[in-house]
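Following: one structure in structure tokens, then a few remarks.
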Amino acid sequence: QVQLVESGGGLVQPGGSLRLSCAASGFTFSSYFMSWYRQAPGKERELVASISNSGVKNYVDSVKGRFTISRDNAKNMVYLQMNSLKPEDTAVYYCKSQRLSVYYWGQGTQVTVSS
């Protein structure tokens, strides 16, 4: 059974940091393209960061220099280190895995940036 389980969300003050984790199981993790998306209230889900199975990383402009995506193929984990958080980063963050036309989503973890 395929599972993607996100963790690490929470409430943080502006300027703070959080590290999101996504634990994957039930598929050949190292062969999959992994990404983090987010969805704020009333907005569409947007791609935040991605990492290929060979480690190539991409980021949406709004998080460049603040967020870092990484993966550990030995542990079937993908991470999102988020620094210098802003109120506009508040959203539910989702982990996604994809290989060709096959993709899976996690259930999401809430990140709230507020003083």
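For the range 40-115 versus the range 1-27, the inter-centroid distance based on Cα atoms is 9 Å. Between residue 54 and residue 25, the C-beta separation translates, for a Förster distance of 22 Å, into a calculated FRET efficiency of about 0.55.
Relative contact order for the chain: 36 percent, from Cα pairs under 8 Å spaced at least 6 residues apart, divided by residue count. Put a plus charge on the Cβ of each Lys and Arg, a minus charge on the Cβ of each Asp and Glu, and nothing anywhere else: the dipole of the range 32-108 about its Cα centre is then about 140 debye.
Ranking 56, 31, 13 by Cα position along the charge dipole of the range 1-82, where only Lys, Arg, Asp and Glu carry charges on their C-beta atoms, puts 13 farthest toward the positive end.
Bear in mind that the values in this text are calculations on the coordinates, not laboratory data. As the structure is a computational prediction, the values presented were derived from the model and not from experiment. Every residue, glycine among them, receives a Cβ derived from its backbone with ideal geometry; neighbour counts consider all protein chains shown.
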